[in-house]
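A.B. asks: Take a look at this one; I'll ask things after.
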Amino acid sequence: MKFNLTSNHLRVLLYTVFLTAAGASALAANYIILNFGNISTTQAFKAFPFLVSPKWEAYANDFIPFVHAIPGMVWPILVFIPLIFLIHFFAIGPKNFSEDGERILFYGAFTRFFHWINAILFSLIVITGLMIVFSKALGGGGLIQNARLIHLSCAYAFIVTVIPLFLVWLKDMIPMPHDVKWFLILGGYLSKKATTVPAGKFNAGQKIWFWLATVGGAVMFYTGFYLSDITSRPQSELFSLLKIHIILGLFILALFITHLYMSLFAVKGSLKSMISGFKGKEEVKCLHSKMKI
Amino acid sequence: MARMRFLCDIERCIDCNGCVVACKEGNGVPVGINRRRVVTINEGRPGERSLSISCMHCSNAPCIAVCPVKAIYQREDGIVLVNKDICIGCGYCFIACPFGAPQFPKGDTFGKRGVMDKCTFCAGGPAPTFSEKERRLYGQNRIAEGKVPLCAAMCSTKALLAGDGDKISQIFQERVARRGTGAKAPGWSVAY
Ligand code: SF4
Ligand code: SF4
């Protein structure tokens, strides 16, 4: 049979092509629309929290009790450590050394200058930090706002002015084997006699204070810096930073009080030596026996 | 008493940010502080959805629980407000809040945070109602005027609903039934 391509055939062919194309595009459109809607509402709801505060469920339950526990962690240090020192002062008493005789230059002018700058800044940071911790008792508001401002400004200053002191003292602050012995007799502070204690230019207690104030201070600065700029990190990380800031702060506070007691009360003339720079030879021989003079 | 709530219908929200602008303008909120913001998932991809979010005025609010000076309190109608005279700007509420709602202005000195600012449900603050102080510190008090919050009032698609929790959940449920999709609104299981 001979096949004649009539106009009828052509029409059928065109219709077929047209209908196939239309069907295909309808299917494609349907696919696109379905895929744009293929996220269920519930699925979408679950995706939002990650944008808002990631891992909230994981940390929030611990965060609230932690914040409320902070004052309870700090006040025992403020009460019991001074109490121990008070007992020490009356039961054993301060160390007395003769101020006559040869005097040794212990702290140069540069050292003393930076020591006192840092002492002022550090004290302000500690005092304002305590004010923030006990903000409830102080009534909150503008007073604590200003305390926070001082806390922050002094921290920025301290992190710079601590560097010269760190470098000057670094070589005398390296831990030594005799530091263990110093600890075993607690620096001789438990005896009334002027025993010779094993220590170089600085004893083991001073070394701990040095490392806590400098390297510890840097960690406090780092954590505090991000806590002060709270949108810079996810909230769960801020909580970890706060934990470090508070726990390390407790140790620094304890050593700060110890340093105050030692320099103001426990060793007579200690404060004067940081003003004049000189210590009596007898004291150096006794408390810093391993120092080369 | 009616319990005030927000609800954002993400099948309607078109990410126009009108609520954000209305809130900022109407309450005189400084630059850098967003009491309300719109977050988007799958942006430009299939399944794109947007959610307008602010303080949800939670029952049992974590921010109230954590605040060390008890500067945050909840009104009888559920609205959570901050007393800026007591707040110390510690930022703990920001860490505790599941919605990142508390905001802090940056000060000039070392960028120190100021006191916390957040959505007030357009209910002003603890200062005397309609006083100059209330307006300056907290913004408008539209609730006392008998109006809904600015954001919800201006929402062009009425995705954002605000008001009596029973009423708005009823509206939402009717919508859901008509659409045949969806379940609970975002944030409700956490906030209420
Ligand atoms: S959304 Fe955040 S700021 Fe608002 S009440 Fe809940 S926890 Fe507090
Ligand atoms: S920033 Fe203010 S409102 Fe928030 S927890 Fe601290 S004191 Fe309370």
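The values are calculated or read from the model by the stated rules, or taken from the named source; none is laboratory data. Not measured: the values here are computed from a predicted model. Note that we place each Cβ from the backbone using ideal geometry, even for glycine, and neighbour counts take in every protein chain shown.
A.B. asks: Is there a residue in region A:205-213 that is more than 14 Å from chain B (Cβ to nearest Cβ), modelled with pLDDT of 90 or more and touching an Asp or Glu at 6+ places or on another chain (Cβ under 7 Å)?
C.D. replies: Within region A:205-213, one or more residues are more than 14 Å from chain B (Cβ to nearest Cβ), modelled with pLDDT of 90 or more and touching an Asp or Glu at 6+ places or on another chain (Cβ under 7 Å).
For (1) without any contact (Cβ under 8 Å) to a residue 12 or more places away in the chain; (2) under 23 Å from A:PHE113 (Cα atoms), each residue gets a yes or a no:
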position	(1), (2)
A:GLY139	yes, no
A:GLN145	yes, no
A:ARG148	no, no
A:HIS151	no, yes
A:THR161	no, yes
A:PHE166	no, yes
A:PRO175	no, no
A:LYS181	no, no
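A.B. asks: Separate question: Quick check on my filter: what residues within region B:40-94 are under 24 Å from B:ALA2 (Cα atoms), of a type in the set (S, T, N, Q) and more than 10 Å from ligand 2 (Cβ to nearest atom)?
C.D. replies: Result: B:SER52, B:SER54, B:SER59, B:ASN60, B:GLN74.
A.B. asks: Can I ask one more? Among all residue pairs at least 6 apart or on different chains, which show Cβ distances below 7 Å where the first residue, located in region B:48-66, is farther than 25 Å from B:GLY18 by Cβ and the second is assigned to a loop (DSSP other than H, G, I, E, B) and within 16 Å of ligand 2 (Cβ to nearest atom)?
C.D. replies: B:PRO62/B:CYS97; B:PRO62/B:PRO98; B:CYS63/B:CYS97; B:CYS63/B:PRO102
A.B. asks: Taking only pairs six or more apart or across chains, which ones have beta-carbon atoms under 6 Å, a first residue in region B:177-192 that is at pLDDT 70 or above and more than 16 Å from ligand 2 (Cβ to nearest atom), and a second residue that is among the aromatic types (Phe, Trp, Tyr) and assigned to a loop (DSSP other than H, G, I, E, B)?
C.D. replies: Sorted first by the residue in region B:177-192, then by its partner, the pairs are B:PRO186/A:PHE48.
A.B. asks: Something else about it: What tally of residues in region B:147-173 results from selecting those that are hydrophobic (A, V, I, L, M, F, W, C), closer than 17 Å to B:GLU11 by Cα and either without any contact (Cβ under 8 Å) to a residue 24 or more places away in the chain or part of a helix (DSSP H, G or I) (or both)?
C.D. replies: To start, the set of residues in region B:147-173 that are hydrophobic (A, V, I, L, M, F, W, C) comprises B:148, B:150-155, B:159-162, B:168, B:171-172.
With the extra rule that they be closer than 17 Å to B:GLU11 by Cα, the set shrinks to B:152, B:155, B:159-162, B:168, B:171-172.
Imposing the further condition that a residue be either without any contact (Cβ under 8 Å) to a residue 24 or more places away in the chain or part of a helix (DSSP H, G or I) (or both) reduces the set to B:152, B:168, B:171-172.
Summing the residues that are hydrophobic (A, V, I, L, M, F, W, C), closer than 17 Å to B:GLU11 by Cα and either without any contact (Cβ under 8 Å) to a residue 24 or more places away in the chain or part of a helix (DSSP H, G or I) (or both) in region B:147-173 gives 4.
A.B. asks: Look at A:THR111 and say whether it is of a type in the set (S, T, N, Q) and modelled with pLDDT under 95. Give the steps one after another, and end with the answer.
C.D. replies: Values: of a type in the set (S, T, N, Q): yes; modelled with pLDDT under 95: yes.
So A:THR111 fits the description; yes.
A.B. asks: Only one of (1) more than 15 Å from the chain's Cα centre (by Cα); (2) modelled with pLDDT of 90 or more; (3) surrounded by 17 or more Cβ atoms within 10 Å (Cβ to Cβ); (4) within 13 Å of chain A (Cβ to nearest Cβ) fails for B:ASP85. Which number is that?
C.D. replies: Result: B:ASP85 passes all but (3).
A.B. asks: Could you tell me which numbered condition B:ARG37 fails, if it satisfies all but one of (1) within 22 Å of A:GLU237 (Cα to Cα); (2) within 15 Å of ligand 1 (Cβ to nearest atom); (3) without any contact (Cβ under 8 Å) to a residue 40 or more places away in the chain?
C.D. replies: Of the numbered conditions (1) within 22 Å of A:GLU237 (Cα to Cα); (2) within 15 Å of ligand 1 (Cβ to nearest atom); (3) without any contact (Cβ under 8 Å) to a residue 40 or more places away in the chain, the odd one out for B:ARG37 is (1).
A.B. asks: Examine region B:89-109 for a residue that is more than 28 Å from A:SER232 (Cβ to Cβ) and either more than 18 Å from the chain's Cα centre (by Cα) or within 11 Å of chain A (Cβ to nearest Cβ) (or both), and state whether such a residue exists. Lay out the reasoning, then the answer.
C.D. replies: Keep residues of region B:89-109 that are more than 28 Å from A:SER232 (Cβ to Cβ), which gives none.
No: region B:89-109 contains no residue that is more than 28 Å from A:SER232 (Cβ to Cβ) and either more than 18 Å from the chain's Cα centre (by Cα) or within 11 Å of chain A (Cβ to nearest Cβ) (or both).
A.B. asks: On to the next question. Against the definition (in contact with a strand residue (DSSP E or B) (Cβ under 8 Å, 6 or more places away or on another chain), of a type in the set (Lys, Arg) and more than 10 Å from ligand 2 (Cβ to nearest atom)), how does B:ARG37 come out, yes or no? If you could, list the steps in order and put the result at the bottom.
C.D. replies: Details: in contact with a strand residue (DSSP E or B) (Cβ under 8 Å, 6 or more places away or on another chain): yes; of a type in the set (Lys, Arg): yes; more than 10 Å from ligand 2 (Cβ to nearest atom): yes.
Considered against the rule, which asks whether it is in contact with a strand residue (DSSP E or B) (Cβ under 8 Å, 6 or more places away or on another chain), of a type in the set (Lys, Arg) and more than 10 Å from ligand 2 (Cβ to nearest atom), B:ARG37 comes out as yes.
A.B. asks: I'd like to check something: does region A:260-271 contain any residue that is assigned to a helix (DSSP H, G or I) and either in contact with a Gly (Cβ under 7 Å, 6 or more places away or on another chain) or within 20 Å of A:SER153 (Cα to Cα) (or both)? Spell out the reasoning first.
C.D. replies: Taking region A:260-271 first, the residues assigned to a helix (DSSP H, G or I) are A:260-266, A:270-271.
When the remaining residues are screened for being either in contact with a Gly (Cβ under 7 Å, 6 or more places away or on another chain) or within 20 Å of A:SER153 (Cα to Cα) (or both), the result is none.
No: zero hits.
A.B. asks: Within region B:57-71, track down each residue that is of a type in the set (A, V, I, L, M) and crowded, with 22+ Cβ neighbours inside 10 Å.
C.D. replies: Taking region B:57-71 first, the residues of a type in the set (A, V, I, L, M) are B:61, B:64-66, B:69, B:71.
Answer for region B:57-71, where residues must be of a type in the set (A, V, I, L, M) and crowded, with 22+ Cβ neighbours inside 10 Å: B:ALA61, B:VAL66, B:ALA71.
A.B. asks: Could you check A:TRP211 against (1) over 17 Å from A:PHE158 (Cα atoms); (2) assigned to a helix (DSSP H, G or I); (3) over 11 Å from the mean Cα position of the chain (by Cα) and say which number it fails?
C.D. replies: Only one criterion in (1) over 17 Å from A:PHE158 (Cα atoms); (2) assigned to a helix (DSSP H, G or I); (3) over 11 Å from the mean Cα position of the chain (by Cα) is unmet by A:TRP211, namely (1).
A.B. asks: I'm told B:PHE110 meets every condition in (1) under 22 Å from B:ALA191 (Cα atoms); (2) at pLDDT below 90 except one. Can you identify the failing condition by its number?
C.D. replies: Looking at each condition in turn, B:PHE110 falls short on (1).
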